[in-house]
1. Sticking with the crude label model, points 7 Å out along Cα→Cβ, report the distance from B:ASP158 to B:LEU191 in nm, one decimal please.
2. At a 1.4 Å probe, what is the % contribution of carbon and sulfur to the accessible area of the protein assembly as shown?
3. Which shape class applies to the protein assembly as shown: rounded if a/c is under 1.5, otherwise prolate when a/b exceeds b/c and oblate if not, where a ≥ b ≥ c are the square roots of the Cα gyration tensor eigenvalues?
4. Nothing charged except the Cβ atoms of Lys and Arg (+1) and of Asp and Glu (-1): what's the magnitude of the dipole of region B:138-195 about its Cα centre? Round to the nearest 20 debye.
5. Counting only other chains, what is the mean number of Cβ atoms within 10 angstrom of the Cβ of each residue in peptide B:63-72?
6. Run through all the Cα pairs of region B:18-87 and give the fraction in each 10 Å bin from 0, expressed as whole percent.
7. When only Cα pairs under 8 Å and 6 or more residues apart are kept, what is the percent relative contact order across chain A?
8. Which lysines does A:LYS146 reach when only Cα atoms under 25 Å apart count, and residues fewer than 8 places away in its own chain are ignored?
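The values are calculated or read from the model by the stated rules, or taken from the named source; none is laboratory data. None of these values were measured; they are calculated from a predicted model. For neighbour counting, all protein chains shown are included, and Cβ atoms are generated from backbone atoms with ideal geometry for every residue, glycine included. Ligands, DNA and RNA are excluded from the accessible area calculation, which covers all protein heavy atoms including side chains. Shrake-Rupley method; radii C 1.70, N 1.55, O 1.52, S 1.80 Å.
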Protein chains: 2
Amino acid sequence: MEIRVVENVLKLNDEVARQNREALGAAGVACINIIGSPGCGKTTLLEVTLGRLRDRLRIGVITGDIATTRDAERLAGYCEQVTQINTGGSCHLDANQVRQGMGNLSLEGLDLLVIENVGNLICPVGFDLGQGAKVGLFSVPEGDDKPAKHPRIVLEADLIVLTKTDLLPHVPFKRDAFERDLRAIRGDVELLELAALAGDGVDTWCEWVLGFVGRA
Amino acid sequence: MEIRVVENVLKLNDEVARQNREALGAAGVACINIIGSPGCGKTTLLEVTLGRLRDRLRIGVITGDIATTRDAERLAGYCEQVTQINTGGSCHLDANQVRQGMGNLSLEGLDLLVIENVGNLICPVGFDLGQGAKVGLFSVPEGDDKPAKHPRIVLEADLIVLTKTDLLPHVPFKRDAFERDLRAIRGDVELLELAALAGDGVDTWCEWVLGFVGRA
């Protein structure tokens, strides 16, 4: 019985995700779903991205958390269309919550919607939200073994970003081992590396975002 | 219907957790459940603890992950009784998996069982495993806003450990804000700070562990 309920929940989620995708497509809005551990640098990457691209793209953000509106407050300084979803204990965003979040935004005023998922490398991977691309973040201080331990995000992501590379001199992180594990899971996975605060690699990331919006 | 199924799952888990607690108590084994994000330093803290306390306590470990046996391999160098549970995609350990793990260990040869939960700051908090104490880890590079975003672990933990304090000079982390948020959630929460690799604070942590085992 438990399995049937879970299947039904996922089936309902997929149907709402399909409707979200349709609404975004009709409004000409590209959509990225960013997934990563607590503190891997999702909000900081978004701050930097919004700052760099605000003259080139109209970007809206839906940010998910269990509690607090802190991420939305941080991002409100960079962009007018930000909405926070508090999941009330749930470990991931679902398509219905994103639909509600989309209702708070003016889609016709956007080129790109970025969904910052709840900080969790596991549960968010399984829920389609209607995005055009999933971006998976691993941060250097988490350690080089994280792709091997969390293969599903590697299998499903359109792009993997290794963040906080400015901490490489200060932590035991074998870059070769990280990439070897990543490619063993999926040989053709696309990988970018950056340090959002120091600025390294941010240009390449912004080019990727602009390319994605151009193709969408 | 969904809610009833979830309630039944948790009720069954609590019953198995009760049995685990009874079996551990009968064998005179204290038990700690360590919970924290991917890469917050759970395994490293365990390596250091096993190294320091191996002449004073007989410690066994059950370590949970979605994939790989890497943590068990790392810990096997420090302790004879280690068993890895791969949850097969599930985002947390449950009491039944811990019961199976306990079946692989000789409880009569142990003073302390440490359960290293799956790397996840959310879902593991809700599942009683039969432990005597929950220890919640936050790491400095995750940022000072993590207690506010993850209040449930603060409310339920017997001890909060802030790890990787050696990275404080290299990341934007306001120690005061971290502690203020923590105490706003729960004024009497016990907090330790350490850098496992540098060795700072490890003595105090080991004293806490010895004290806990003495009281159990």
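1. 2.1
2. 48
3. Here the protein assembly as shown falls in the prolate category.
4. Dipole of region B:138-195, to the nearest 20 debye: 180 debye.
5. Partner Cβ neighbours, averaged per residue: 3.
6. Reading the bins upward from 0: 18, 50, 30, 2.
7. 24
8. By straight Cα distance, A:LYS146 reaches A:LYS42, A:LYS134, A:LYS164, A:LYS174, B:LYS42, B:LYS134, B:LYS146, B:LYS149, B:LYS164.
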